[in-house]
1. List the pairs whose first member sits in segment 322-351 and is outside the structural domain of G305 (by TED's automatic domain parsing), whose second member is crowded, with 16+ Cβ neighbours inside 10 Å, and whose Cβ atoms are under 9 Å apart, counting only residues at least 6 apart or on separate chains?
2. Filter segment 175-200 down to the residues that are β-branched (V, I, T) and farther than 27 Å from L63 by Cα, then identify the one that is farthest from the chain's Cα centre (by Cα).
3. For segment 208-223, name all the residues that are touching a residue at least 60 places away in the same chain (Cβ under 8 Å) and outside any strand (DSSP E or B).
4. Where in segment 1-103 are there helices (runs of 4 or more DSSP H), lying wholly inside it, with at least 1 residues that are surrounded by 21 or more Cβ atoms within 10 Å (Cβ to Cβ) and either among the hydroxyl-bearing types (S, T, Y) or without any contact (Cβ under 8 Å) to a residue 40 or more places away in the chain (or both)?
5. Residues of segment 334-358 being closer than 19 Å to A301 by Cα and of a type outside the set (A, V, I, L, M, F, W, C), which ones?
6. Charged (D, E, K, R), out of contact with any Cys (no Cβ under 6 Å at 6 or more places or on another chain), crowded, with 16+ Cβ neighbours inside 10 Å and farther than 29 Å from F32 by Cβ: which single residue out of R266, R288, R334 fits that description?
7. So, of the residues in segment 111-133 that are in contact with a strand residue (DSSP E or B) (Cβ under 8 Å, 6 or more places away or on another chain) and small (G, A, S), which turns out to be surrounded by the fewest Cβ atoms within 10 Å (Cβ to Cβ)?
8. Being surrounded by fewer than 19 Cβ atoms within 10 Å (Cβ to Cβ) and part of a loop (DSSP other than H, G, I, E, B) is the filter here, so list the residues in segment 134-173 that pass it.
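The values are calculated or read from the model by the stated rules, or taken from the named source; none is laboratory data. Computed from a predicted model, the values in this text were never measured in an experiment. Every residue, glycine among them, receives a Cβ derived from its backbone with ideal geometry; neighbour counts consider all protein chains shown.
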Amino acid sequence: MDVAATADAEEVTSALSRCLPGGEAPLHEPTFEGNEWAYVKECLDTGWVSTAGGYVDRFEDELADYTGAKQAVAVNSGTSALHVALRVVGVGRGDEVLVPALTFVATANAIAYRGATPHFVDSEARTLGLDPGKLGAYLNDTAEMREGTCVNVETGRPIRAVVPMHAYGHPVDLDPLEEVCETYNLALVEDAAESLGSLYKGEHAGTAGRCAAISFNGNKTITTGGGGALLTGDEALAGEARHLTQVAKQDHPWAYHHDRTGYNYRMPNLNAALGCAQLEQLPSLLKRKRALAERYQDAFAGVGGVTFFTEPEFARSNYWLNVLLLEAEDKSQRDAVLERTREAGFETRPTWRLLSALPMYEDCPRMDLSVAKSLERRLINLPSTPHLADPEWQPNASAS
């Protein structure tokens, strides 16, 4: 049996230093180089700072145009977008939703907000995301169709939806996943929080399922400060989502009439103004992030015991956060690399703790998670701010 090579923390740190000769580097800072000041100032000057204002509609239109989605609904966080997406596709109390164990906690939290139960599934090494083939085989053994509804035979609960998350911007293999969804009548809701600018077979991530959620948190490829959006090709779903995110208030010039329990999730105009300016810069940001990823790939090619993760063959990734994989499944080795690189000023991080191990989700159903467990022990995120690819970059230059 082959023995995995040991990753040397000093070699990894030296490779980072060659890529980032300026020294210390953050994990992912926002980049403001365009019309951010002008657009936000216009909101302040005119007083249109809250959820009414022209920038919200403009941001939605431009986001839909960029992604190819028919509709975009701007909200105050990616988690809000996913919460509403699950509601409009019919996920409710007592249901189960299939979700990767290797994802940020907000993916499962949104399911819990609906009174549903996360059902954890495994990832695949080539995408870092949900494994469609393994999921299909698992459902064949553990689920059955009852009057058009997929049912977990062990718990007796309906399985309503599957939520793939495009980890670090790398798209999941969606075609075989859509086949699984068709076989088991599952709603496909993409967690595209990290994948703005990523393509699956030429189509933007977040446009394959019934709807999707995108995040514009401060550490994402573009930011609105805090914010998110729901994408969908279904105009009826978009209308329902837009209504719910505006506290389900019926349109009237002065009367307050709310026809169901809604949410105060609408994106403020200030945030949307920032988003419009950021969208203008997105092509440049993606180009620089790809250049940085290529630099990392070259630098780590000769370093033993590690592999720089690259996009799957069917995708073009935004490389939101760059990923280094250690060959050995040894958390102590991973932690040694993290400690040394951080001592040198490089803000490296491990991946998320598997959600199936968190106290609020430890009793949830799950399949074999062997690949996800392996990735958890081996994955390290590298500094990924776009300006790190600029020849003139120096530490803290963006703050000067």
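1. none
2. It comes out as T183.
3. Matches in segment 208-223: R210, F216, N217, G218, N219, K220, T221, I222, T223.
4. Helices (runs of 4 or more DSSP H) meeting the threshold: 36-46, 54-67, 78-88.
5. Correct list: R334, T341, T348.
6. R334
7. If we take residues in segment 111-133 being in contact with a strand residue (DSSP E or B) (Cβ under 8 Å, 6 or more places away or on another chain) and small (G, A, S), then A112 is surrounded by the fewest Cβ atoms within 10 Å (Cβ to Cβ).
8. E147, G148, V153, E154, T155, G156, R157 - these are the residues of segment 134-173 that are surrounded by fewer than 19 Cβ atoms within 10 Å (Cβ to Cβ) and part of a loop (DSSP other than H, G, I, E, B).
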